[in-house]
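The values are calculated or read from the model by the stated rules, or taken from the named source; none is laboratory data. Remember, predicted model here, so these are calculated numbers, not experimental data. Positions of Cβ are backbone-derived with ideal geometry, glycine not excepted, and every protein chain shown enters the neighbour counts.
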Amino acid sequence: MASIMENFTNQEIDINSLPQFETVDFQAISKNNLIKANLLNTLFLCAAILGCGILFYFRIGQAQLILLITAVILYFGFQFWNISKLQKNYGFALREKDILYRRGNLVTKTTVVPFNRIQHVSISRDLLDKMLKIATLKIFTAGGSGSDIIITGLAPELAVRLKEALATKLTSDEF
């Protein structure tokens, strides 16, 4: 036991020598189709809320109905603004030992996942995604769902290439 402790070192790391993820060039995501998908989902939600309000038209007054319609219009307007601003910051980058994913508008979040933490990668496409020709790449990590990455709005060919690149990295011993 003593020989193990004799070889043990725990040197201090110079923080300035660590790689800076802020300087990485992020690859943009297919923004137009992702914006369309998000807007269609928001429009469907607004139509459902408006439909419920119209169904209850005879039970509520006209003033409440106008208030409901105004709220739906304001909500849709805010969602449109937010979605269009959010998409400008979406991006990903592959480095030698990790993958980075950036998203957010008012608060920008960047997730860095080392390849040795990735458990598996999958691609999903629902009906709307197929119509808009986009895919979602899901990267599952060891250690909980807080570090998982879900990249939406990728071109299907790019999602497949990324999945294959990550699979190659996971099967190699070079991390």
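The sole residue among 158, 132, 162 that is of a type outside the set (Lys, Arg), surrounded by 14 or more Cβ atoms within 10 Å (Cβ to Cβ) and touching a helix residue (DSSP H, G or I) at 6+ places or on another chain (Cβ under 8 Å) is 132. Residue 140 meets the stated requirement of being in a strand (DSSP E or B), of a type outside the set (D, E, K, R) and farther than 20 Å from residue 20 by Cβ. A count restricted to segment 91-120 and to residues that are within 15 Å of residue 141 (Cβ to Cβ), of a type outside the set (A, V, I, L, M, F, W, C) and buried (at least 18 other Cβ atoms within 10 Å of the Cβ) stands at 3.
Residues that are in contact (Cβ under 8 Å) with a residue 24 or more places away in the chain and on the phi > 0 side of the Ramachandran plot within segment 93-147 comprise 133, 143, listed in sequence order. For segment 30-51, the criterion of a residue being closer than 28 Å to residue 133 by Cα and at pLDDT 80 or above is satisfied by no position.
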